[in-house]
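Coordinate-derived values only; no laboratory data. The structure displayed is predicted, hence computed values, not measured ones. When we count neighbours, we look across all protein chains shown, and the Cβ atoms used for this are built from the backbone with ideal geometry, even at glycine.
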Amino acid sequence: MPELVGLYATLGEKAKALFPGWTLAMFTGNPDLGHRLGLRAHKQYALKNGPLDAKLLLMEIGADTAYKTSAQSADNHAASTSNDTLAQAAEDAPQQASSDNAQMFANRLKKNQKRLKKWLKQSGESCYRLYDADMPEFALAIDIYADRVHVQEYMPPRSVNPAQAQKRLFDALEVLPHTLEVDASRIYVKQRERQAGKSQYQKRDASGERFEVQEGPARLWVNLRDYLDTGLFLDHRPVRRLLGEMAQGKRFLNLFCYTASATVHAALGGASDSVSVDMSNTYLSWAQDNFALNGLDPSRHRVIRDDCFKWLETASTQFDLIFMDPPTFSNSKKMRDTLDIQRDHPQLVRLAMARLMPEGTLVFSNNQRRFELDSTLCEEFTVEDISAKTFDPDFQRRQNLHHVFLLRHKEAA
Ligand SMILES: C[S@@+](CC[C@H](N)C(=O)[O-])C[C@H]1O[C@@H](n2cnc3c(N)ncnc32)[C@H](O)[C@@H]1O
């Protein structure tokens, strides 16, 4: 999509610069992008392209647009209106912000890049959040994964006109390649809806287009195209770092492990062995690929496909370090019941604590914004809320994005 936004803007600019007085007829499967041409359609015909809905748009290119284009561009460039400038202006136009708002958005991205620069240099991290709805009218989360960009559009509230929201998205996508110096083909755009249960984990595409990123000592596979999530939740980076630091010589259990990025950190931190449990075959095979990428021995680092509730009820092994980061809500058919983290966490925590060695630690986290830990757990166990220490500079703006607790047996404290 970012490629198309830029393409339509370029087409409009070229048409205005080179064909004043002509009529432009465009047959398109993306009529919404027609606005990016900067030309008004005086006629539209709804047609089909095979099974696809399409439109034929007819647009008059005013006789004076060549002059207007050069004048506008000259304004932007504070330069002359010579013919050379005109050609150059048409060349540059899509890279410029199409509105003042878009320019402000581009400026904010630059400001954030500047703010994070020192930390990125020191930490060496290549995957980070650059922007998180800092400007309410651009309700996007923008994450950098090495040399690629992952853009998630938050669902606009009902009060926002959908056409306006779409224009804002296109404005943002138009300035992104130039501002971040990334080719448009490396920008991946998704709409982040409030997910009901399993749809969050369902496939959107089947490109299999994955690539390797580095996070601290860990090498991890990431896929920005095929699923809503990427394989690596960036907000939990400090928690993975902590697990790596705590893991030396420990038996490690990772519940709801997803792609087991946390297990990789624990193993590289010296965990003697590990078990990672998830009910998705897709993510467990991704986890095993992550293990292979880091040269982990599969006989010491095992994955188990099961419903974590069921597995915990029958498991008998004890672990020194447990990480449990369940989803906020889940209703997959593979589970015997739904999971609602606020409702179910006391049971889950007790089940996990039953698997914990007397001197061990459970790291329990979740992404329920308004989460409150059940007070009876604090009576039974020693509990430390470390949430405030688990946000790197790229997530400082969203201090309620996740909650993290350390739990220990009382007698050990
Ligand atoms: C939010 S992710 C967990 C993130 C992960 N802990 C991490 O550090 O990246 C949710 C994962 O939980 C898994 N899941 C959901 N319900 C489950 C259940 N009842 N038992 C096992 N896995 C479950 C999903 O398959 C998915 O991989």
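When a/c reaches 1.5 or more, the comparison of a/b and b/c decides; with that in mind, is region 249-334 rounded, prolate or oblate per its Cα gyration tensor?
Details: a/c = 1.89, a/b = 1.33, b/c = 1.42.
Verdict is oblate for region 249-334.
With 21 Å as the cut-off, how large is the P(r) tail for region 100-194, expressed as percent of Cα-Cα pairs?
I get 29 percent for the Cα pairs in region 100-194 exceeding 21 Å.
Would you mind working out the magnitude of the charge dipole of region 100-194 relative to its Cα centre, with +1 at each Lys and Arg C-beta and -1 at each Asp and Glu C-beta, to the nearest 20 Debye? Provide the component values of the computation, followed by the final result.
Details: 17 positive and 13 negative charges, 70 e Å.
Taking the Cα centre of region 100-194 as origin, the dipole is about 340 debye.
Determine the gain in length on full extension of the stretch Asp385-Glu181; use 0.36 nm per residue of separation and subtract their C-alpha separation, reporting nm with one decimal. Before the final figure, lay out the partial values.
Numbers: separation 204, 0.36 × 204 = 73.44 nm, distance 3.97 nm.
Length gained between Asp385 and Glu181: 69.5 nm.
Please list 368-375, 251-258, 37-44 highest first by mean number of surrounding beta-carbon atoms within 10 Å per residue. If you can, show how the numbers build up before the last one.
Details: 368-375: 12.9, 251-258: 24.2, 37-44: 15.9.
Order by mean packing, descending: 251-258, 37-44, 368-375.
Residue farthest toward the positive end of the dipole of the chain, with Cβ of Lys/Arg at +1 and Asp/Glu at -1: which of Val277, Leu406, Thr10?
Thr10
Please figure out what share of the DSSP beta bridges in the chain is antiparallel and state it in percent, rounded to the nearest 5.
Working: 43 of 68 bridges.
So the antiparallel bridges amount to about 65 percent of the total.
Pairs of alpha-carbon atoms within less than 8 angstrom and 6+ residues apart define the contacts here; what relative contact order does region 225-412 have, in percent?
Details: 347 pairs, mean separation 35.7, N = 188.
It comes to 19 percent, rounded to a whole number.
Working from Cα positions, state the angle (0 to 90°, nearest 10) between the long axis of helix 83-92 and the longest principal axis of the chain.
20 degrees
Any chance you could give the angle, 0 to 90 degrees and rounded to 10, that helix 341-353 forms with the longest Cα principal axis of the chain?
Tilt of helix 341-353: around 40 degrees.
Please report, in debye to the nearest 20, how large the charge dipole of the chain is about its Cα centre when each Lys and Arg carries +1 at its beta carbon and each Asp and Glu carries -1 there.
Details: 53 positive and 53 negative charges, 67 e Å.
For the chain, the charge dipole is close to 320 debye.
If one takes the longest principal axis of the Cα atoms in the chain, at what angle in degrees, from 0 to 90 and to the nearest 10, does the Cα axis of helix 100-123 lie?
Helix 100-123 sits roughly 40 degrees off the main axis of the chain.
Which residue fluctuates the most in the chain, going by a Gaussian network model with Cα springs under 10 Å, if the choices are Gly269, Gly231, Gly208?
Greatest mean-square fluctuation among the candidates belongs to Gly208.
Cα-Cα pairs above 38 Å in the chain: how many percent?
Working: 27916 of 85078 pairs.
When all Cα pairs of the chain are counted, 33 percent exceed 38 Å.
Looking at region 267-388, what % of its DSSP beta bridges pair antiparallel, to the nearest 5?
On the way: 2 of 12 bridges.
Given both bridge residues lie in region 267-388, the antiparallel proportion sits at roughly 15 percent.
At R0 = 45 Å, how high is the FRET efficiency between Leu56 and Met104 if r is their beta carbon distance? Nearest 0.05 is fine. Don't skip to the answer; put the middle values down first.
Details: r = 35 Å, r/R0 = 0.79.
Plugging the Cβ-Cβ distance into 1/(1 + (r/R0)^6) gives 0.80.
Could you point to the residue in Leu109, Gly124, Val175 farthest towards the positive end of region 100-194's charge dipole, with +1 and -1 charges on the Cβ of Lys/Arg and Asp/Glu respectively?
Among Leu109, Gly124, Val175, the one farthest towards the positive end of the dipole of region 100-194 is Gly124.
Could you tell me the relative contact order of the chain? Use alpha-carbon pairs under 8 Å, at least six residues apart, and round to a whole percent. Before the final figure, lay out each step's value.
Details: 751 pairs, mean separation 41.6, N = 413.
Averaging sequence separation for qualifying contacts and normalising by length gives 10 percent for the chain.
Let's see if you can work this out: charge +1 on each Lys and Arg Cβ, -1 on each Asp and Glu Cβ, no other charges. What is the dipole magnitude of region 326-390 about its Cα centre, in debye to the nearest 20?
It works out to roughly 460 debye.
Under the rule a/c < 1.5 gives rounded, and otherwise a/b versus b/c splits prolate from oblate, where does region 225-412 land using the Cα gyration tensor?
Working: a/c = 1.18, a/b = 1.12, b/c = 1.06.
Note, shape of region 225-412 comes out rounded.
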